[in-house]
Amino acid sequence: MQRIVWLAVYSMLFLLGCVALENRDRYIDFVKVSETTFLGVEELLDSLDVPWDMQYNSETNSIFFTEIKGTISELNLKTNKRTAIYTVPRVYQQRTLGLLALTVHPDFRHKPYLYTCYTVKEGEHIFSELLRLKYDKGMISETKVLLKIKGARAHNGSRMVFDKKNILYWATGDVASQTHAQDSTTLNGKILRMTDEGEVPQDNPIPGSYVYAWGFRNMQGITVTLNGNIITSEHGDAIEDELNWIRPLHNYGWKKIEGYHDLPEEIAYAQLHGTTEPIKAWTPVIAPAALHYPQSDIIPEWKNSLLLGTLKDQSLHVLRLNDEQTEVIAEKVYLKDVYGRIRAITSDNKGNIYIATSNRDWKKQVGFPLETDDRILKLTKIDFVPNKYLVENEIQTVDVNSGKSLYQAYCASCHKDDGAGQKGIFPPLRQTEWIKDEHKFVDVMLNGLSGKIKIDEIDYDQMMPSFSFLSNKEIAEIATYVRNNFGNNYAAIDSMQVETHRKHDKQK
């Protein structure tokens, strides 16, 4: 009898062990956060069409997400079943344009609304529309356009978030305008504040206006911290991507100031106009996108931290905040180049983290898209130590004496590691007139480029920013590296040539 009991116990332990091993098989990777905390990574959905935003909803225990060409879907977290619940009509999708931000009404039980924004084209004009959708038993039963603003071929933003008083904030792009961001009477390059009905709240800082704060280029992330602070992530031009703490009537400087107030002309403008510095800036740029403040602290090392997904840097940044949640006091980087561009992040009420990749969009990166892209991945704290795991990545620095290092930091995300570029978008750097002609090459690096150019009978019209913030030596190092690689064999460019070009520009 005793032997039978022990056999039963052994059988049960064996079965439990098999179940445990089977459960471990669902993870495609593991991440080491600390000696005591490990995460398992699961693939929930694959083969998506550029998911752009996603939000967890506790009432339905599901994730709602957008895909850039116009589809809104719901992912049931119990069954992992994806259901397309609505296709937004009239979405105009080109490069960065399309169906973008999504948020969920905080009081979903009584107000079952989703909010999304997207670009439309009417004749030759582009607009961004903010749409409210009523969710009813897995379907969309009503829609209403709450606001329509100017759009453009680039810099449409955008993200949305509700605060703790159920007020909606819409982060809009500057539509590549020279003036909108600093003009508080327009709705572009702004944080717009409105009721859940799309009306101007009576307590808005500018009576009768949606405008809450201004001076932004192209925000790609927005979140609310535990104590109610609104934080945004924003793409810089060639330098100084930003993380901003948003407050009413604050001017965040663009286009007069980029990033920290550290140049003489920026300091003078800030003193005159009272502009607000970012709480964090990155140079070289990392292209910050998704921004999320998890309400759970199940991952103790990430308590009171912002989760930031990046596009150029292709990683997950964990930004620890101070107690007031107004400053970044530490930064860690994970998943560098493992899953590619991270466009969206959300978390559920159990503390699980969800990330969505954006590798099939207009800006292809080396090694991506993977065969199963794009994907939604789940990061879960696990109770065992895996045999193999991904570790924290070092924060990369630039060797200013190395043309290759400088090229990787400032040029490779567009023109690629091999200088091949991207057909019709980013021109190649191989044996072209733009590279052969040292004066033309230095001019473009110093002054940027806009408008169409033709290379090998192919039109390119993607704007290139100015790199005049780099030193003469750094520009010379990059130029020489390009002119000596990618099948090129041209003379080096020295810092004196760059200096002469700068002086000539000033005399014009």
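Coordinate-derived values only; no laboratory data. Just so you know, these numbers come straight off a predicted model, no measurement behind them. Heads up, the Cβs are rebuilt from the backbone with ideal geometry, glycines too, and the neighbour counts pull from every protein chain shown.
Could you size up the charge dipole of the chain around its Cα centre, putting +1 on the beta carbon of Lys and Arg and -1 on that of Asp and Glu, and report it in debye to the nearest 20? Provide the component values of the computation, followed by the final result.
Working: 59 positive and 67 negative charges, 204 e Å.
Here the size comes out at about 980 debye.
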_Using the crude model of +1 on Lys and Arg Cβ and -1 on Asp and Glu Cβ, and no other charge, please compute the dipole size for the stretch 403-507 relative to its Cα centre, in debye to 20._
100 debye
_Phi-based couplings in Hz for the stretch 425-430 (Karplus 6.51, -1.76, 1.60; Gly and Pro marked x)_ = 10, 10, x, x, 10, 10
*Which whole-angstrom value gives the distance between the alpha carbon centres of the stretch 133-204 and the stretch 458-500?*
40 Å
*What number, in nm² with one decimal, is the all-direction average of the projected area of the convex hull of the alpha-carbon atoms of the stretch 403-507?*
6.0 nm²
*Would you calculate a helix-derived [θ] at 222 nm for the chain, using -39,500 (n - 2.57) for each DSSP H run of n ≥ 4 and dividing by the full residue count, to the nearest 500?*
-5000 deg cm²/dmol
*Too long at a 23 Å Cα-Cα cut-off: which of Lys332/Lys423; Lys69/Lys150; Lys121/Lys256; Lys150/Lys454; Lys190/Lys416?*
Lys332/Lys423; Lys121/Lys256; Lys150/Lys454; Lys190/Lys416
_Segments 156-169, 382-395, 323-336 sorted - mean Cβ within 10 Å per residue, highest first_ = 156-169, 323-336, 382-395
*Enter the angle in degrees (range 0 to 90, nearest 10) between the Cα long axis of helix 2-24 and the first principal axis of the Cα atoms of the chain, meaning the one along which they spread out most.*
20 degrees
_Helix 495-507 vs. the chain, principal-axis angle (Cα, 0 to 90°, nearest 10)_ = 70 degrees
*Over all Cα pairs of the chain, how is the pair count split among 20 Å bins, expressed in % and running from 0 up to the last occupied bin?*
21, 53, 22, 3, 0, 0
*Of Thr357, Leu307, Phe441, which is farthest on the positive side of the dipole of the stretch 297-447, counting Cα position, with +1 on Lys and Arg Cβ, -1 on Asp and Glu Cβ, and the Cα centre as origin?*
Thr357
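What does the highest-first list of 215-223, 104-112, 61-69, 289-297 look like by mean Cβ count within 10 Å? If you can, show how the numbers build up before the last one.
Working: 215-223: 25.6, 104-112: 15.8, 61-69: 22.7, 289-297: 20.9.
Final packing ranking: 215-223, 61-69, 289-297, 104-112.
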*With +1 on each Lys and Arg Cβ and -1 on each Asp and Glu Cβ, how big is the dipole of the stretch 94-162 about its Cα centre, in debye rounded to the nearest 20?*
100 debye
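Listed highest first by mean packing, meaning other Cβ atoms within 10 Å per residue, what order do 200-210, 180-190 come in? Display every interim value, and only then the final one.
Working: 200-210: 13.5, 180-190: 21.9.
Ranking, from highest mean packing down: 180-190, 200-210.
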